[in-house]
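Below is one structure, written out as structure tokens; the observations come after it.
The values are calculated or read from the model by the stated rules, or taken from the named source; none is laboratory data. None of these values were measured; they are calculated from a predicted model. Positions of Cβ are backbone-derived with ideal geometry, glycine not excepted, and every protein chain shown enters the neighbour counts. For the accessible areas, the whole protein counts, side chains as well, though only heavy atoms, and no ligand, DNA or RNA atoms are used. Shrake-Rupley method; radii C 1.70, N 1.55, O 1.52, S 1.80 Å.
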Amino acid sequence: ADRHRQAAETLRRWQDEQVLAPDPEPALYVYEQRGEGILQRGLIGALRLSPREEGVVLPHEDVMPHIIEDRAALMRDTGANLEPLLFSYRGNGDGTEGAAGVIERVIRTEPLLSTTTDDGYAHRLWSVTDAADLALITEDLSHQHALIADGHHRWATYLRLRDEQPAPGPWDFGLVLLVDTARYPLRVRAIHRLLHRLPVADALAAVGGSFRVRALDGPLPEALDALAEAVREGGNAFVLAGDGRFHLLDRPDAGLLARTVPTDRPRAWRELDAAVLHSALLEHVWEVPDDPEHIGYIHEAAAAVAQAERHGGTAVLMHPVHEDVVRELAEQGVTMPRKSTSFGPKPATGLVLRSLALH
């Protein structure tokens with residue numbers, strides 16, 4: 001609570017001192033990120049909030065209530081959307097018409113700002129205020145469905161806060177970045193698991209014959225290559241680490257999967273590594289409760305391995321899911337196990353904020 005109040009006071013002070021200044025006219029923003037072989041361009045704006053049943057915004061992961069509580073408290077205190085959520089949609093691949101055409105024209109003009117952040121990413125931002133351009137964007141995007149790539153908890157928070165406020169009003173909208181992944185594919189990374197209280201030796205002993213287990217020689221990059229190769233060959237695969245070595249688990253027992261993985265979901269869901277990990281291994285083989293005391297979620301494989309080795313736990317290294325699989329399930333209204341994917345690059349915090357108090 002103290003952090004949230006401090007954030008609100010800082011935001012108000014920055015506005016009073018003109019560190020942050022409101023744009024003088026309504027705008028959408030073309031936003032570009034470059035770095036690590038990635039070029040990403042999209043549109044930042046306020047998107048009308050819509051319930052899941054409308055099928056306009058497609059979530060693909062479940063959310064945790066305590067995180068929504070925290071996000072809601074921060075947004076109430078600050079009265080602002082502090083950063084855009086990352087959404088993706090699939091355009092027609094033609095860069096000459098609609099939103100894509102506007103973006104390609106705008107990036108040839110002088111940017112509103114240009115900066116490089118500490119992570120090495122270069123950022124450029126343009127303001128779009130021309131009525132004809134805004135109409136083209138609106139018409140084009142009105143036919144699209146947006147997949148939540150990053151920001152499930154914040155989107156759920158937007159919806160919750162909207163229901164608390166009188167309508168209509170500024171809380172009926174939320175700040176998002178929309179990226180056409182037909183033109184600018186997102187990077188999809190896995191989120192690894194850290195089992196705090198399960199040593200590697202105990203994990204391997206419990207697996208028994210339910211998976212094929214092979215020790216891997218070589219450093220972490222080679223272990224991840226072996227994991228990728230096992231996934232390409234078909235079936236589910238994981239790498240366990242934490243005892244100074246790497247252990248590849250693949251070719252799960254069909255009987256185990258039939259007994260443990262829920263059958264009331266589409267085949268694409270039942271074959272997800274995250275579904276098999278949580279349903280078969282964590283719940284039945286290892287009997288690890290799915291709570292923060294027992295399971296941590298770490299984006300970098302090296303960090304997961306280091307923590308497992310330092311504290312005597314087990315790192316479960318995952319292979320990333322393809323975006324097409326995520327979208328296919330989301331369009332069916334099926335959510336993936338939480339923390340199944342990490343889409344990026346994420347928009348930088350602080351370049352575009354949306355103050356609801358100014359509306």
Requested in this report: Go through the range 311-359 and give me each residue that's β-branched (Val, Ile, Thr) and out of contact with any helix residue (DSSP H, G or I) (no Cβ under 9 Å at 6 or more places or on another chain).
Outcome: Val326, Thr349, Val352
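Is it true that Asp133 is open to solvent by less than 40 Å² (accessible area, probe 1.4 Å) and in a helix (DSSP H, G or I)?
On the way: open to solvent by less than 40 Å² (accessible area, probe 1.4 Å): yes; in a helix (DSSP H, G or I): yes.
The answer is yes for Asp133.
Determine whether Arg52 is closer than 18 Å to Ala330 by Cα and of a type in the set (Lys, Arg).
Yes, satisfied.
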Query raised in the report: So, of the residues in the range 1-18 that are open to solvent by 90 Å² or more (accessible area, probe 1.4 Å) and part of a loop (DSSP other than H, G, I, E, B), which turns out to be nearest to Ser142 (Cα to Cα)?
Result: Gln18
Query raised in the report: For the range 349-359, what are the residues that are surrounded by 18 or more Cβ atoms within 10 Å (Cβ to Cβ) and either small (Gly, Ala, Ser) or modelled with pLDDT under 85 (or both)?
Result: none
Query - Cβ pairs under 6 Å, 6+ apart, first in the range 221-241 and assigned by the TED database to the domain that holds Val200, second in a helix (DSSP H, G or I) and surrounded by fewer than 16 Cβ atoms within 10 Å (Cβ to Cβ) - result: none
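Please specify each residue of the range 332-342 satisfying the condition of being touching a Lys or Arg at 6+ places or on another chain (Cβ under 7 Å) and either surrounded by 15 or more Cβ atoms within 10 Å (Cβ to Cβ) or free of Cβ contacts under 8 Å to residues at least 60 places away in the same chain (or both).
Going through the range 332-342, the residues touching a Lys or Arg at 6+ places or on another chain (Cβ under 7 Å) turn out to be 334, 342.
If the condition is that a residue be touching a Lys or Arg at 6+ places or on another chain (Cβ under 7 Å) and either surrounded by 15 or more Cβ atoms within 10 Å (Cβ to Cβ) or free of Cβ contacts under 8 Å to residues at least 60 places away in the same chain (or both), then Ser342 is the only one that fits.
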Query - Long-range neighbours under 8 Å by Cβ, at least six apart or interchain, first residue assigned by the TED database to the domain that holds Leu257 within the range 267-296, second hydroxyl-bearing (Ser, Thr, Tyr) and part of a loop (DSSP other than H, G, I, E, B) - result: Arg270/Thr263; Leu272/Ser340; Ala274/Ser340; Ala280/Ser210; Val285/Ser210
**Report entry** Residues located in the range 295-304, provided they are over 13 Å from Phe238 (Cβ atoms) and in contact with a strand residue (DSSP E or B) (Cβ under 7 Å, 6 or more places away or on another chain)
**Finding:** Ile295, Gly296, Tyr297, Ile298, His299
**Report entry** Residue among Ala203, Ala223 that is over 27 Å from the mean Cα position of the chain (by Cα) and crowded, with 21+ Cβ neighbours inside 10 Å
**Finding:** Ala203
Query raised in the report: Among Ser114, Ser127, which is open to solvent by 70 Å² or more (accessible area, probe 1.4 Å), under 21 Å from Asp23 (Cβ atoms) and at pLDDT 95 or above?
Result: Ser114
Query - Members of the range 137-165 that are open to solvent by 80 Å² or more (accessible area, probe 1.4 Å) and over 15 Å from Arg48 (Cα atoms) - result: Glu164
Query raised in the report: Quick one: is Gly174 surrounded by 16 or more Cβ atoms within 10 Å (Cβ to Cβ), in contact (Cβ under 8 Å) with a residue 12 or more places away in the chain and at positive phi?
Result: no
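Go through the range 184-205 residue by residue and tally those that are of a type in the set (D, E, K, R) and assigned to a strand (DSSP E or B). Reasoning before the result, please.
Going residue by residue through the range 184-205, those that are of a type in the set (D, E, K, R) are 187, 189, 193, 197, 202.
This time we only want the ones that are assigned to a strand (DSSP E or B), so: 187, 189, 193.
The number of residues fulfilling the criteria is 3.
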Query - Lone unmet requirement of (1) open to solvent by less than 30 Å² (accessible area, probe 1.4 Å); (2) of a type outside the set (Val, Ile, Thr); (3) at pLDDT 95 or above for Glu229 - result: (1)
Requested in this report: Output the number of the condition that Gly235 fails; it satisfies all remaining conditions of (1) open to solvent by 80 Å² or more (accessible area, probe 1.4 Å); (2) modelled with pLDDT under 95; (3) within 16 Å of Met318 (Cβ to Cβ).
Outcome: (1)
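Scan the range 336-352 residue by residue and report those that are under 13 Å from the mean Cα position of the chain (by Cα) and assigned to a loop (DSSP other than H, G, I, E, B). Write out each step before concluding.
Of all residues in the range 336-352, those under 13 Å from the mean Cα position of the chain (by Cα) come to 336-347.
Hits for the range 336-352 are Pro337, Arg338, Lys339, Ser340, Thr341, Pro345, Lys346, Pro347.
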Query raised in the report: Taking into account only those residues within the range 45-54 that are out of contact with any Phe, Trp or Tyr (no Cβ under 6 Å at 6 or more places or on another chain) and open to solvent by less than 20 Å² (accessible area, probe 1.4 Å), which is farthest from Arg327 (Cα to Cα)?
Result: Gly45
Requested in this report: Identify all residues within the range 277-331 that are within 20 Å of the chain's Cα centre (by Cα), open to solvent by less than 20 Å² (accessible area, probe 1.4 Å) and over 30 Å from Val179 (Cα atoms); write none if there are none.
Outcome: Leu277, Ile295, Val316
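Taking the stated definitions as given, is Ala100 of a type in the set (Gly, Ala, Ser), open to solvent by less than 20 Å² (accessible area, probe 1.4 Å) and more than 20 Å from Arg354 (Cβ to Cβ)?
On the way: of a type in the set (Gly, Ala, Ser): yes; open to solvent by less than 20 Å² (accessible area, probe 1.4 Å): yes; more than 20 Å from Arg354 (Cβ to Cβ): yes.
Here the answer is yes, as Ala100 does meet what is asked.
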